[in-house]
């Protein structure tokens with residue numbers, strides 16, 4: 001019985017793999033997403049942050065898109081008197097789809113961009129800290145076609161990333177940092193993204 005179930009499941013999976021629905025050459029994608037991060041700093045302190053992002057891309061070859069994107073960044077530190085931060089991001093991206101069936105697609109998205117954040121140093125001060133970053137990142141995801149032209153997406157934003165940052169905390173005071181990081185492991189569940197796109 002178990003063998004029959006296994007063979008049936010394997011056959012169904014193979015049928016899905018070969019029932020390719022492509023993102024055709026010449027297609028245009030317009031979409032948006034919202035990403036949340038919840039990073040624990042210590043036992044009582046953690047940072048909640050997120051991004052609202054819009055993008056537009058074009059398929060110059062089947063199942064491969066190139067485009068531009070921009071976003072609004074926001075965040076807050078819980079159990080701390082420091083105010084939250086906000087800013088913007090802009091960049092370019094390349095997305096490659098792997099069709100699994102007529103409805104489901106795996107995708108991998110590489111992106112390069114610039115981001116700027118601003119926050120007050122403390123709630124009692126008007127002095128601001130400025131944060132500038134140039135980054136490279138990779139985001140895997142799963143896309144589901146609810147209609148021929150409409151898709152919803154679940155993703156793990158920037159599961160791999162490389163960043164060069166400059167943190168300006170005052171006149172003549174700048175901290176420069178270069179870092180590579182990954183959210184694989186327990187941090188992956190604290191970083192999720194939900195998106196929606198139309199393809200025409």
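Starting from residues that are at pLDDT 90 or above and in a loop (DSSP other than H, G, I, E, B), keep the ones in the stretch 144-154 and report whichever is nearest to residue 183 (Cα to Cα). Only one residue fits best here, namely 146. Being touching a residue at least 12 places away in the same chain (Cβ under 8 Å), in a loop (DSSP other than H, G, I, E, B) and within 19 Å of the chain's Cα centre (by Cα) holds for only one residue in 140, 157, and it is 157. Taking the conditions exactly as written (in a strand (DSSP E or B) and either modelled with pLDDT of 95 or more or over 22 Å from residue 162 (Cα atoms) (or both)), does residue 43 satisfy them or not? For residue 43, the condition - in a strand (DSSP E or B) and either modelled with pLDDT of 95 or more or over 22 Å from residue 162 (Cα atoms) (or both) - is not met. Of the residues making up the stretch 103-132, those that are surrounded by fewer than 18 Cβ atoms within 10 Å (Cβ to Cβ) and at pLDDT 85 or above are 103, 104, 106, 108, 110, 112, 114, 116, 118, 130, 132. Of the residues 36, 74, only one is modelled with pLDDT of 75 or more, farther than 21 Å from residue 151 by Cα and within 22 Å of the chain's Cα centre (by Cα); which? After applying the criteria, what remains is 74. I need the full set of residues from the stretch 161-200 which are surrounded by 16 or more Cβ atoms within 10 Å (Cβ to Cβ), over 30 Å from residue 26 (Cβ atoms) and either modelled with pLDDT of 85 or more or out of contact with any strand residue (DSSP E or B) (no Cβ under 9 Å at 6 or more places or on another chain) (or both), in order please. Result: 161, 163, 165. Quickly run through the stretch 56-70 and pick out the residues that are in contact (Cβ under 8 Å) with a residue 40 or more places away in the chain and over 13 Å from residue 97 (Cβ atoms). The answer is 69, and nothing else. Go through the stretch 103-119 and give me each residue that's within 23 Å of residue 60 (Cβ to Cβ) and assigned to a loop (DSSP other than H, G, I, E, B). Hits for the stretch 103-119: nothing passes.
The values are calculated or read from the model by the stated rules, or taken from the named source; none is laboratory data. Remember, predicted model here, so these are calculated numbers, not experimental data. Methodologically, a virtual Cβ is constructed for each residue, glycine included, from the backbone with ideal geometry; neighbour enumeration extends over all protein chains shown.
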